[in-house]
1. Inspect all residues belonging to region 60-78 and state whether any of them is surrounded by fewer than 18 Cβ atoms within 10 Å (Cβ to Cβ), more than 27 Å from Lys125 (Cα to Cα), out of contact with any strand residue (DSSP E or B) (no Cβ under 6 Å at 6 or more places or on another chain) and free of Cβ contacts under 8 Å to residues at least 24 places away in the same chain.
2. Give me a count of the residues in region 45-54 that are within 18 Å of Phe138 (Cβ to Cβ), in contact with a Phe, Trp or Tyr (Cβ under 9 Å, 6 or more places away or on another chain) and surrounded by fewer than 21 Cβ atoms within 10 Å (Cβ to Cβ).
3. Being under 17 Å from the mean Cα position of the chain (by Cα), closer than 22 Å to Met36 by Cα and in a strand (DSSP E or B): is that true of Leu123 here?
4. Looking at region 86-103, is at least one residue aromatic (Phe, Trp, Tyr), surrounded by fewer than 18 Cβ atoms within 10 Å (Cβ to Cβ) and part of a helix (DSSP H, G or I)?
5. Could you say whether any residue in region 81-102 is more than 25 Å from Gly124 (Cα to Cα), in contact with a strand residue (DSSP E or B) (Cβ under 8 Å, 6 or more places away or on another chain), of a type in the set (Lys, Arg) and touching a residue at least 12 places away in the same chain (Cβ under 8 Å)?
6. Looking at Asn46, Asn2, can you tell me which residue is free of Cβ contacts under 8 Å to residues at least 60 places away in the same chain, polar (S, T, N, Q) and within 29 Å of Glu119 (Cβ to Cβ)?
7. Across region 181-211, which residue is surrounded by the most Cβ atoms within 10 Å (Cβ to Cβ) among those that are more than 19 Å from Glu119 (Cα to Cα) and out of contact with any strand residue (DSSP E or B) (no Cβ under 8 Å at 6 or more places or on another chain)?
8. Name every residue in region 28-38 that is surrounded by fewer than 19 Cβ atoms within 10 Å (Cβ to Cβ) and in contact (Cβ under 8 Å) with a residue 24 or more places away in the chain, in order of residue number.
Amino acid sequence: MNIHSIPAFKDCYIMQPEDLQQFSDTLADGFSEYSMFKHVCYGKYNHDLMRLFWEVSLAILPDNAICIADSKEANSVLAYIPPKSKDPSLLDYIKAGGMKMFLKFGLRRIIRLTRFNIEIEQLGKRYRAADDGYLMAFATRLDKQGQHYGKPLMTALLNHLDATGESCYLETLEAKNVALYQHFSFQLEGQEASKMGNLSLFPMRRPAKPTV
């Protein structure tokens, strides 16, 4: 799939290989207030570690994934995996991150990161339909939040989903984000307590738009 040829994304900046670190840095910054990622880092969020996590996560996206930003500065970033694509597994993360990821995270954080990935996979098996696409990441840098950098990205994705008749699944780790995604027509499917501390997971789906 040539993302550049998709009309919905004509006004978005599409990630190039050289943008990987910039996009990863934005995601690490945008998710820095999330309790789950603080828990993975043993209570104190580590930006450098999570930037490496996102760098590996973006690097192993399938070829047909959509990874866009508001501009080359990547104030806001969105990553979407279309239906029927192979989602990256924990083994994919380890292979891509290699010894660098293991040495930087350390064994205890790797174990917590593994448990986190397993919980996300299990949640998806319970709430995600077989033909759902997956909104893997959507975040805006902290100093840009509330300035509508992310809205055009989500609008572009939803226009694409409506044009292709795709449904979409996501999980959010923060209760405050539920209303945000409901504004974009996602429906809350449930709420599950995480085994990782006193945290919750919120699976949400946006059904496919009926074709005329």
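1. no
2. Initial filter on region 45-54 (within 18 Å of Phe138 (Cβ to Cβ)): 50-51, 53-54.
Pick out the ones that are also in contact with a Phe, Trp or Tyr (Cβ under 9 Å, 6 or more places away or on another chain) and you get 50, 53-54.
When the remaining residues are screened for being surrounded by fewer than 21 Cβ atoms within 10 Å (Cβ to Cβ), the result is none.
Matching residues across region 45-54 total 0.
3. Values: under 17 Å from the mean Cα position of the chain (by Cα): yes; closer than 22 Å to Met36 by Cα: yes; in a strand (DSSP E or B): no.
No; evaluated as a whole, the condition is false for this residue.
4. We begin by selecting, within region 86-103, every residue aromatic (Phe, Trp, Tyr); these are 93, 102.
Okay, now just the ones that are also surrounded by fewer than 18 Cβ atoms within 10 Å (Cβ to Cβ), so 102.
Pick out the ones that are also part of a helix (DSSP H, G or I) and you get 102.
Yes - at least one qualifying residue is present in region 86-103.
5. No, region 81-102 has no match at all.
6. Details: Asn2 fails: within 29 Å of Glu119 (Cβ to Cβ).
Every option except Asn46 fails the conditions.
7. Let us first name the residues in region 181-211 that are more than 19 Å from Glu119 (Cα to Cα), namely 181-187, 206-211.
Then keep just the ones that are out of contact with any strand residue (DSSP E or B) (no Cβ under 8 Å at 6 or more places or on another chain); that gives 183, 209-211.
Details: His183: 10, Lys209: 15, Pro210: 7, Thr211: 7.
Selected residue: Lys209.
8. Residues of region 28-38 that are surrounded by fewer than 19 Cβ atoms within 10 Å (Cβ to Cβ), as a first pass: 32-35, 38.
Of everything in region 28-38, those that are surrounded by fewer than 19 Cβ atoms within 10 Å (Cβ to Cβ) and in contact (Cβ under 8 Å) with a residue 24 or more places away in the chain turn out to be Ser32, Glu33, Tyr34, Ser35.
The values are calculated or read from the model by the stated rules, or taken from the named source; none is laboratory data. Just so it is clear, the model here is predicted, and its values are computed rather than measured. FYI the Cβ positions are ideal-geometry reconstructions off the backbone, even for glycines, and counts take in every protein chain you see.
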